[in-house]
Amino acid sequence: MTAEDVLKELRELRAGDLPTHGGRTLAYVYDSGLSEVDELGAAAHALASSANGLDPTAFPSLLRMENDLVGTAARLLGGTADTVGSVTSGGTESCMLAVLAARDARPDVSSPSIVLPTTAHAAFHKAAHFFGVRVVSVPVDPVSFRAVPEAMAAAVDDSTVLVVASAPSYAHGVLDPIPEIAASLDGVRFHVDACIGGWVLPYLGLGPFGFDVPGVTSVSVDLHKYAYCPKGVSVLLHADAGLRRSQYFASADWPGYTMLNTTLQSTRSGGPLAAAWAVVRHVGEEGYRELASAAREAAVEIRAGIEALDGLRILGDPVSTLLAFTVADGAGFDLFTVADEMRERGWYVQPQFAHESSPANLHLTVTAANRGSEKEFLADLGASAVAAREAGPVVVDPQVAEFVAALDPATLTPEQFAGLLAAAALGGDAGLPTRMAEINALLATAPGPLRERLLLEFLGALYTAS
Ligand SMILES: *Cc1c(COP(=O)(O)O)cnc(C)c1O
């Protein structure tokens, strides 16, 4: 096949994806709305994608760019001359490394735990799972969805190796009271997860939440979110090199090169790093201030529009560029149907299931590209709510619900899963469903562990070699 034909095929495949540009996909993607930023990122990516960050002495360009990016992030997030850090592949890797470094700095603790508000990103649960650390989940305020400092402090004990808070949380976009939490921690490591807000909050004058808060020991920030860089780049910062030491790994215990790793990866493409380095230099402080303002103004306008819509209400007080909204009690329509209706109108909004005090809701990640189309979004949201009301509530087939209720996540078999797919009329070669309300309603009836199992079976079915 010629290169030209292969690229044609790739373009056709990509045409079936959600759009990554234009502000119509309000999760997963981040659009500055500036095409030259994307072109620069792609060009820089291509220049360095074959270079390997595994050995900084062999590729000093990558070392230089990493130190530059860490320095820029540290200055933005209240760092000092002592602040150090690493460029990672994404927010999950940054959060996992913060947990790993905290665990390994405390070999004296036999059963280490981390204290998380219930709104902390699932990346910390993944870290706990991978690294054999116990999660101590602390309920957040049921109205503001912000962490409660006294409750966080009360959850800390001798086994605590790390306390986490969000700036802001992904689910609701609210800022945890970081100075108050920090003040109550007596020398315990404190990680601020600014993966999604780190490149926005400082430009909006919000905070303090970074190293300018005494007691904060590490901060994560994703450049592939609001720094509008191509995917695959995040920064994990530590207040000093001593805190970072236990994050590093070396092995001389084999006949090959002595493996020295700063992150979970070993071979590391220079592509995402160079792309981020180039984009950050090009956009600059003033550019990011404008992008943050544009995204925030869009979020404020969308929030006001949602609050004015009959039957919808915003959760908490989202101060940044993320929003979550739910249906008011007795509004008489299904939220997941609203998401489907929006999809038919060309918008992707992200369903989030109920969890503890947080009701089922729809999440919006608002970016600079949303500035200017707020009214169109709100008009379509209003029309979607009307359509959802006309469609009436989603009723889960009682037989299917009964079947699901009887499933045990620990022993679920592939046959039972196939039976469920058939019962929910999802089997066969129909491809991925576009209307999800019925499936979401069914999943919402399943307790968390069962929902995890069902979706993992689904994932396994999706990923079959072709
Ligand atoms: C996105 C996000 C993460 C995880 O980042 P990935 O890049 O998706 O791995 C962690 N924490 C918060 C607050 C996030 O928004």
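The values are calculated or read from the model by the stated rules, or taken from the named source; none is laboratory data. If you're wondering where the values come from, they're calculated on a predicted model, not measured in any experiment. Virtual Cβ from ideal backbone geometry, glycine too; neighbours counted across all protein chains shown. Calculation scope for accessible area: heavy atoms of the full protein, side chains included, ligands and nucleic acids excluded. Shrake-Rupley method; radii C 1.70, N 1.55, O 1.52, S 1.80 Å.
Details
- Some residue of the range 375-391 being out of contact with any Asp or Glu (no Cβ under 6 Å at 6 or more places or on another chain), free of Cβ contacts under 8 Å to residues at least 40 places away in the same chain, in a loop (DSSP other than H, G, I, E, B) and open to solvent by 60 Å² or more (accessible area, probe 1.4 Å): no
- Any hit, the range 98-121, residues being open to solvent by 10 Å² or more (accessible area, probe 1.4 Å), within 14 Å of the ligand (Cβ to nearest atom) and not in a loop (DSSP other than H, G, I, E, B): no
- Within the range 153-170, residues that are assigned by TED's automatic domain parsing to the domain that holds Ser218 and part of a loop (DSSP other than H, G, I, E, B) reach partners that are open to solvent by 20 Å² or more (accessible area, probe 1.4 Å) and near the ligand (Cβ under 8 Å from one of its atoms) with beta carbons closer than 7 Å, at six or more positions or on different chains, in the pairs Tyr170/His121.
- The single condition among (1) part of a loop (DSSP other than H, G, I, E, B); (2) open to solvent by 30 Å² or more (accessible area, probe 1.4 Å); (3) not polar (S, T, N, Q) that Phe403 does not satisfy is (1).
- The residues of the range 412-421 that are open to solvent by 20 Å² or more (accessible area, probe 1.4 Å) and within 30 Å of the chain's Cα centre (by Cα), listed by number, are Pro414, Leu421.
- Filter result for Ala154 (out of contact with any helix residue (DSSP H, G or I) (no Cβ under 9 Å at 6 or more places or on another chain), modelled with pLDDT of 95 or more and open to solvent by 50 Å² or more (accessible area, probe 1.4 Å)): yes
- Strands (runs of 3 or more DSSP E) fully within the range 191-294 counting 1 or more residues that are within 12 Å of the ligand (Cβ to nearest atom), touching a strand residue (DSSP E or B) at 6+ places or on another chain (Cβ under 9 Å) and within 22 Å of Leu97 (Cβ to Cβ): 218-222, 234-238
- Among (1) within 30 Å of Phe377 (Cβ to Cβ); (2) open to solvent by less than 40 Å² (accessible area, probe 1.4 Å); (3) β-branched (Val, Ile, Thr) - the single one Thr263 does not satisfy: (1)
Yes or no, residue by residue, for (1) part of a helix (DSSP H, G or I); (2) open to solvent by 80 Å² or more (accessible area, probe 1.4 Å):
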site	(1), (2)
Met1	no, yes
Val6	yes, no
Glu12	yes, yes
Pro19	no, no
Val29	no, no
Ser32	no, no
Ala42	yes, no
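- Search result, residues across the range 231-260 that are over 30 Å from Glu180 (Cβ atoms), of a type outside the set (D, E, K, R) and open to solvent by 40 Å² or more (accessible area, probe 1.4 Å): Tyr248, Phe249, Ala250, Ala252, Trp254, Pro255, Tyr257, Thr258, Met259, Leu260
- Considered as a group, the residues in the range 191-207 that are surrounded by fewer than 21 Cβ atoms within 10 Å (Cβ to Cβ) and either of a type in the set (A, V, I, L, M) or more than 21 Å from the chain's Cα centre (by Cα) (or both) include one that is nearest to Val366 (Cα to Cα), and that residue is Leu204.
- If the condition is being within 16 Å of the ligand (Cβ to nearest atom) and in contact with a Phe, Trp or Tyr (Cβ under 6 Å, 6 or more places away or on another chain), then the range 168-190 contributes His172, Val174, Ile178.
- Test: Thr92 is open to solvent by 10 Å² or more (accessible area, probe 1.4 Å), of a type outside the set (Lys, Arg) and under 28 Å from Pro318 (Cβ atoms): yes
- Residue match in the range 50-63 (condition: touching a helix residue (DSSP H, G or I) at 6+ places or on another chain (Cβ under 7 Å), within 19 Å of Asp222 (Cα to Cα) and among the aromatic types (Phe, Trp, Tyr)): no
- Selection within the range 318-358 - among the acidic types (Asp, Glu), under 23 Å from the mean Cα position of the chain (by Cα) and assigned to a helix (DSSP H, G or I): Asp340
- Residue count for the range 176-190, restricted to those that are part of a strand (DSSP E or B) and open to solvent by 10 Å² or more (accessible area, probe 1.4 Å): 0
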